[in-house]
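Any read-out appearing in this document is the output of simple, stated calculations on the displayed coordinates, not a laboratory observation. This is a predicted model, so every value here is computed, not measured. Here Cβ is always computed from backbone atoms with ideal geometry, including for glycine, and neighbour counts include all displayed protein chains.
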Amino acid sequence: MATESLQARLTEFERQARGVCIGVNHLALDSERVRQAELLQKIIQLEKDIQQSSAQKSHLPDAAAEIRDDVKNNTSALRYLETISQLENSFTVLTENVTETSVQLSAPKELKDEVHVKKELTSNVKSCWTYVSQLARLSQVHIRNAADYHQFHHAVNEAEASLKARVRMTEPRNSRALPATLKNCTILANELREHLNHMIHLWGRSGNLLEESRRIVPVHLRLGGVIDGLSTNTESASPVMARMLTSLTGPNYELKEGEEVRVISNKDDQHFWTVQTNNGIVKIPSVCLWISDPDLEAVKRSVILREKCIESWDLLVERSRERLRSYYSCLLNQMAENGDIQYQHKIAMDNFLEDLRVFYYLMIQEQLN
């Protein structure tokens, strides 16, 4: 098979991999995931064709492998996002249940005429539907808290992964091999500048996450994380307080919106929590309760991220110094062996001499300290 044909297929597959379309609804994400899965099979076949052709010793095998990895990452990302988009099923079912209830109860024979005559329920029906509407409003609060919680932790995970990748990139075995020439000093400088800019970006991002962490609600405690009045899936067990998102009257209690209660347990029944009120221990619909304590685990994660940024920066600086030391030593040895120093790029030479001056000053400072 001609190398040109293989290259053309590779270019087309690369375009499709880079042009992945990431939507928000489940159908769009699922269809794109299927498209990427089909693309993956085509790339695997392309790799087989390359191995059976004269192009097996060219750049094509490595290029195809890189695109294959890219498509696999696309598929993983789409599956990850599909987990969120699948929540639309829950809202669809909820809408269907509400509609079915409305239609069912609207039938004339759903309630006997005798009850219609002796019990005027119009205001009561309105009150019940008003309560259901309030629950829909309260669910928006919990959805927003859950979204903020996930977005925060996703951003931290992303920043930590980026830090690890940057540290691996600066390992001596992964560093770009550059012949010691004045011209390559510019390439080396750009590489170091790129590391610096990336770390500055991550440092700023970690600062934003630290600020954001103070507003994160510990939604994980809603999933059965409170037993005997104490949190169970936190670093240290502590009381969990919650606030009423709406006024609520029960058989033996009356709670006002904004009133604070202590959660006793939500392990056995995550839909109805056992809470301590001024009138004793009662069960409350969980949707009516908002955990008011800050998420200390989120704050801790953001603080650790800041510490990792500092540690990674120190490591990057040390590796950069060692690389510069080795690079400049090799370059100076070449100059010393050649005797007279001749150069074609004056600006590059001036920059090199300035770097030497600064580098020499830093070495003297290190020795003095």
Worksheet item: Working from the pairwise distances between different alpha carbons, so that the mean of 1/r is found and then inverted, what is the chain's Kirkwood radius in Å?
Response: 27.4 Å
Practice prompt. Show which aspartates and glutamates lie in cross-link reach of LYS112 when reach means a straight Cα distance below 20 angstrom and same-chain residues fewer than eight apart are skipped.
Written response: GLU100, GLU120
Worksheet item: So, with +1 on the Cβ of K and R and -1 on the Cβ of D and E, and no other charges, what is the size of the charge dipole of the chain about its Cα centre, to the nearest 20 debye?
Response: 80 debye
Discussion item. Quick check: convex hull of the Cα atoms in the stretch 3-88, volume per residue, rounded to a whole Å³?
Written reply: 66 Å³
Fill in: Exposure proxy ranking, count of Cβ atoms within 10 Å, fewest first, for ASP295, ASP62
ASP62, ASP295
Response to the item:
Length-normalised contact order of the stretch 219-293, Cα under 8 Å, at least 6 apart, in percent, tallies to 31 percent
Discussion item. For a quick size check, give me the Cα extents of the stretch 219-293 along its three principal axes, largest first, whole Å.
Written reply: 34, 20, 19
Item to complete: Restricting things to alpha carbons, find the Rg to Rh ratio for the stretch 125-270 using the Kirkwood radius for Rh.
Response: 1.25
Worksheet item: Rounded to the nearest 0.05, what FRET efficiency do LEU192 and HIS271 have when you use their Cβ-Cβ distance and R0 = 41 Å?
Response: 0.15
Fill in: Members of LYS164/LYS267; LYS72/LYS164; LYS109/LYS256; LYS72/LYS183 lying beyond 29 Å, as alpha-carbon distances in this model show
LYS164/LYS267; LYS109/LYS256; LYS72/LYS183
Worksheet item: Over its Cα atoms, what ratio of radius of gyration to 2.2 N^0.38 Å does the stretch 95-135 give?
Response: 1.28
Item to complete: Note the angle between two axes, namely the Cα long axis of helix 60-85 and the longest principal axis of the Cα atoms of the chain, as a number of degrees from 0 to 90, rounded to the nearest 10.
Response: 20 degrees
Worksheet entry | Helix 122-169 vs. the chain, principal-axis angle (Cα, 0 to 90°, nearest 10) | 20 degrees
Item to complete: Mind sorting VAL275, VAL103 by how few other Cβ atoms lie within 10 Å of their own Cβ, fewest first?
Response: VAL103, VAL275
Worksheet, complete the sentence: For TRP313, TRP129, TRP273, ascending order of other Cβ atoms within 10 Å (fewest first) is TRP129, TRP313, TRP273
Fill in: Residues in the stretch 315-346 reached by a label modelled at GLU366 [backbone nitrogen below 14 Å; 7 Å Cα→Cβ]
315-329
Item to complete: Would you mind checking the tilt of helix 182-213 against the longest principal axis of the Cα atoms of the chain, expressed as 0 to 90 degrees and rounded to 10?
Response: 20 degrees
Worksheet item: Over all distinct alpha-carbon pairs, what is the Kirkwood Rh of the stretch 255-369 in angstrom?
Response: 20.9 Å
Fill in: Model label zone, GLN45; criterion: amide N under 14 Å from point 7 Å along Cα-to-beta-carbon; scope the stretch 17-36
none
